[in-house]
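Please read the structure below before turning to the comments.
The values are calculated or read from the model by the stated rules, or taken from the named source; none is laboratory data. Everything numeric here is computed off the predicted structure, so don't read it as measured data. Neighbour counts run over all protein chains shown; Cβ positions are idealised from the backbone, glycine included. Remember, those area values only see protein heavy atoms, side chains included, never the ligands or the DNA or RNA. Shrake-Rupley method; radii C 1.70, N 1.55, O 1.52, S 1.80 Å.
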Amino acid sequence: MKKNILVMGFDNSIIARETIVLLVNNGYSIVASYEGDSVDKEQFVNDNGIESDVEFVQINYSSNKSINSFISKIKDREYMAVVNCYATLAETSNKGLRHEFFDFDYSEFSRVLSANVSVIAAVSIGLKDHIVSNGCIINITSSAAYEGAFATISYNASKAAIENLSKSLANNFGPYRNIRVNCVAPGWIPQSESVVEGNIVELANKCTPISQYGKAIDIAKAVLFLITNNYANGITLKIDGGITSSYLMYLLESADLSGNDTREIINQLIKLTDTAKSSICKTDKEQ
């Protein structure tokens, strides 16, 4: 019998793509969702050097009809695991990142929550009779689940919601068919090597205790671990280099107690913080 795994978010998530490669190399057959107009399976297989057993199925995360059709299409087999990697953020009309405090849009906010949270519930519950006993569901959340946002309010809220949703699913799937539901919470995972030294990402790397940026393969390995661990249930694995265990103020305090002069750094940070906060205090007209 084929060891089928559904991976959501192929053309949206580098974590999804890395997870697919790792799972194929470990003998699993993959059904992968994609949202674009087309997908080049042959190029994906060649680029990653895998003996591919991957089937691609299209979905529109903003369409109830498409989501229901997707679920119906993939009910022709049983799955050992469902891995939800898809995520989206609120966008402006020109596809830029939206600052939701200054430029709130109800439709965009609702779209993010629906695509990031409701689709997980729909797919997971829709496949409840097509996941094998002792199988599992793994939802990719984020370190953003533990942090309040300034700009990406809907995204952070959705990631926190996924963790709570996963606990509710674990409560029900366990007694139903002994199916486990867990989360993996990545820290900063750059989309490519070319951006690892850029701006905010670089600062995040420096604030991470392990002092290196995360890679998609780190998350994929955590997914594989949860697939093969039959006792992990209702948990979240934080694969974030320790960034959610760190606090910039304590880092500066440590440097100060070690004999370093941190006054200039602290004064610059105070000025930057004042600038950021003052921008929030401005009216839309002043913006």
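What FRET efficiency comes out for Asn26 versus Asn68 if R0 is 30 angstrom and r is the Cβ-Cβ distance? Round to the nearest 0.05.
Rounded to the nearest 0.05, the efficiency is 0.45.
What does the accessible area per residue of the chain come to in Å², with a 1.4 Å probe and no ligands, DNA or RNA counted?
54 Å²
Could you work out how far helix 153-177 tilts from the main Cα principal axis of the chain, as a 0 to 90 degree angle to the nearest 10?
30 degrees
Report, in degrees rounded to the nearest 10, the 0 to 90 angle that the Cα long axis of helix 14-25 makes with the longest principal axis of the chain.
40 degrees
Principal axis extents for the range 22-79, Cα atoms only, whole Å, descending order, please.
Projected onto its principal axes, the Cα set of the range 22-79 covers 35, 26, 14 Å.
Which whole-number percent is the relative contact order of the range 78-126 (Cα, under 8 Å, 6+ apart)?
Computed value for the range 78-126: 40 percent relative contact order.
For the range 89-237, count the residues as N, evaluate 2.2 N^0.38 Å, and divide the Cα radius of gyration by that value, please.
So the range 89-237 has a normalised radius of gyration of 1.15.
Suppose a student asked you for the relative contact order of the chain, using Cα pairs under 8 Å spaced at least 6 residues apart; what percent would you report?
It rounds to 16 percent for the chain.
Of all accessible surface on the chain at a 1.4 Å probe, what whole percent is carbon and sulfur?
In the chain, the share of accessible area belonging to carbon and sulfur is 51 percent.
Under the definition of Cα pairs under 8 Å and six or more residues apart, what whole-number percent is the relative contact order of the range 39-170?
Relative contact order comes out at 28 percent.
Taking just the alpha-carbon atoms of the range 99-145, what radius of gyration and Dmax come out, in angstrom?
14.8, 47
For Ile125 and Ser168, calculate 0.36 nm times their separation in residues minus their Cα-Cα distance, and state this gained length in nm to one decimal.
14.4 nm
In deg cm²/dmol and to the nearest 500, what is the mean residue ellipticity at 222 nm of the chain if only DSSP H runs of at least 4 residues count, each as -39500 (n - 2.57), divided by the residue total?
-13500 deg cm²/dmol
Determine the gain in length on full extension of the stretch Lys221-Glu147; use 0.36 nm per residue of separation and subtract their C-alpha separation, reporting nm with one decimal.
My answer for the length gained is 24.2 nm.
Taking every pair of distinct Cα atoms and averaging 1/r, then inverting, what Kirkwood hydrodynamic radius in Å comes out for the range 1-108?
15.3 Å
Could you work out the equivalent-ellipsoid semi-axes for the chain, taking the square root of 5 times each eigenvalue of the Cα gyration tensor, largest first, in whole Å?
Ellipsoid half-lengths, sorted descending, are 36, 22, 19 Å.
Using the alpha carbon gyration tensor of the range 51-112, what are the three equivalent-ellipsoid semi-axes (square root of 5 times each eigenvalue), largest first, in whole Å?
31, 14, 10
Lysines near Lys271 by alpha-carbon distance under 19 Å, same-chain residues fewer than 8 away left out - which ones?
Within the straight-line cut-off, Lys271 pairs with Lys282.
Each label point is 7 Å from the Cα along the Cα-to-Cβ direction; what then is the distance between the points at Asp53 and Ser278, in nm?
Modelled inter-label distance: 6.2 nm.
Which of Lys65/Lys215; Lys3/Lys75; Lys95/Lys128 have a Cα-Cα distance over 26 Å?
From the list (Lys65/Lys215; Lys3/Lys75; Lys95/Lys128), the Cα-Cα distance tops 26 Å for Lys65/Lys215; Lys95/Lys128.
What does the charge add up to near Thr92, with Lys and Arg as +1, Asp and Glu as -1, over the other residues with Cβ less than 9 Å from its Cβ?
-2
How big is the gap, in Å, between the Cα center of the range 19-36 and the Cα center of the range 80-130?
Their Cα centres are 21 Å away from one another.
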